[in-house]
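Colleague: Here it is, the structure in full.
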Amino acid sequence: MIKLLFFGRLGDFAGGVSASIEAAEGLTPTIVRDGLAADHPALFAELSQSQVLISLNQMIVGWDQPIFDGAELAFLPPVTGG
Amino acid sequence: MNSTIRIQAYDFDLAAEYELLRQFDSAVGTVVTFTGLVRDLEKNASINSLTLQHYPGMTESLLQEIVDQAQQRWDLIGVTVIHRVGELLPSDQIVFVGVASQHRADAFEAAQFVMDYLKTKATFWKKVDQNGQQHWVESKDSDRTAKERWLRDD
């Protein structure tokens with residue numbers, strides 16, 4: 001299973017999105033995002049904005065990073081701490 | 001170098017944190033501290049409260065990376081970073097950065113560097129309540145510009 005996390009405003013669009021998905025051969029963050037387009041178009045639109053970063057197991061990665069079983073994938077909007 | 005990174009819901013005591021930095025080592029010749037507070041305005045409208053969310057685990061690692069970078073760049077003896085999370089009210093303390101070093105230039109610059117990087121890299125998100133309406137705070141170009149000046153110096 002892959003654990004999915006949506007932070008900040010992305011969380012507001014992620015209501016009803018399952019907290020985890022099945023691992024699959026060749027899975028990448030891009031594929032996970034695109035898989036949300038049909039059932040969650042508003043979330044998909046937010047995730048497609050260029051400032052959204054992703055992390056895999058708490059490390060910032062690119063959208064084509066392979067995702068392995070047991071990973072934690074997080075979608076991160078621009079940060080606003082401090 | 002001694003570094004302390006804490007993410008906590010409860011408040012911090014500026015004097016106590018200063019004392020810890022002061023007493024790290026007899027070589028400490030200067031301590032610079034920065035404290036960030038909750039402003040009562042967001043986009044020129046008053047706020048009732050502010051809620052801070054973060055990514056537990058990742059936030060601590062990112063802050064440690066920032067502190068490590070500061071240590072490589074300047075001659076530092078101790079660094080403390082404290083960031084609060086959860087619900088805060090106007091004038092509450094949000095963030096503390098304290099830097100102890102032998103000489104003031106290192107501490108001043110490192111404290112600014114840590115804050116500039118924290119604002120643009122560390123995984124915190126602010127949500128404000130304005131008269132019962134909640135919305136997420138947008139990131140600011142000015143914060144990105146503040147961070148970029150350290151890149152130009154490389």
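Colleague: Quick check on region B:93-108. Is at least one of its residues within 14 Å of chain A (Cβ to nearest Cβ), surrounded by fewer than 18 Cβ atoms within 10 Å (Cβ to Cβ) and of a type in the set (Val, Ile, Thr)? Lay out the reasoning, then the answer.
Modeller: As a first pass, look at region B:93-108 and keep what is within 14 Å of chain A (Cβ to nearest Cβ): B:93-97.
Narrowing further to those that are surrounded by fewer than 18 Cβ atoms within 10 Å (Cβ to Cβ): B:93.
Add one more test, that the residue is of a type in the set (Val, Ile, Thr), and what stays is none.
No: region B:93-108 contains no residue that is within 14 Å of chain A (Cβ to nearest Cβ), surrounded by fewer than 18 Cβ atoms within 10 Å (Cβ to Cβ) and of a type in the set (Val, Ile, Thr).
Colleague: Now, a different point. Which residue is nearest to the other protein chains (Cβ to nearest Cβ), if the candidates are limited to region B:109-134 and must be out of contact with any Ser or Thr (no Cβ under 7 Å at 6 or more places or on another chain) and of a type in the set (Ser, Thr, Tyr)?
Modeller: B:Thr120
Colleague: Can you pull out the residues in region A:1-54 that are buried (at least 20 other Cβ atoms within 10 Å of the Cβ), assigned to a helix (DSSP H, G or I) and of a type in the set (A, V, I, L, M)?
Modeller: Once the filter is applied, which keeps residues that are buried (at least 20 other Cβ atoms within 10 Å of the Cβ), assigned to a helix (DSSP H, G or I) and of a type in the set (A, V, I, L, M), region A:1-54 yields A:Leu10, A:Leu43, A:Leu47.
Colleague: Restricting region B:8-22 to residues that are of a type outside the set (D, E, K, R) and either over 21 Å from B:Val85 (Cα atoms) or in contact with a Ser or Thr (Cβ under 9 Å, 6 or more places away or on another chain) (or both), which is surrounded by the most Cβ atoms within 10 Å (Cβ to Cβ)?
Modeller: First, pick out the residues of region B:8-22 that are of a type outside the set (D, E, K, R): B:8-10, B:12, B:14-16, B:18, B:20-21.
Narrowing the set further to residues that are either over 21 Å from B:Val85 (Cα atoms) or in contact with a Ser or Thr (Cβ under 9 Å, 6 or more places away or on another chain) (or both) leaves B:12, B:14, B:18, B:20-21.
Values: B:Phe12: 17, B:Leu14: 14, B:Tyr18: 17, B:Leu20: 16, B:Leu21: 24.
My answer is B:Leu21.
Colleague: Collect the residues in region B:1-24 that are within 13 Å of B:Asp92 (Cα to Cα), acidic (Asp, Glu) and in contact (Cβ under 8 Å) with a residue 24 or more places away in the chain, keeping them in residue-number order. Walk me through it before giving the result.
Modeller: Residues of region B:1-24 within 13 Å of B:Asp92 (Cα to Cα): B:9-14.
Still in the running and acidic (Asp, Glu): B:11, B:13.
Result: B:Asp11, single match.
Colleague: Still on this structure: Considering only residues that are touching a Phe, Trp or Tyr at 6+ places or on another chain (Cβ under 7 Å), within 14 Å of another protein chain (Cβ to nearest Cβ) and part of a helix (DSSP H, G or I), which ones fall in region B:50-83?
Modeller: B:Thr59, B:Ile66
The numbers here are math on the coordinates, done by the rules we state, and not lab data. None of these values were measured; they are calculated from a predicted model. Heads up, the Cβs are rebuilt from the backbone with ideal geometry, glycines too, and the neighbour counts pull from every protein chain shown.
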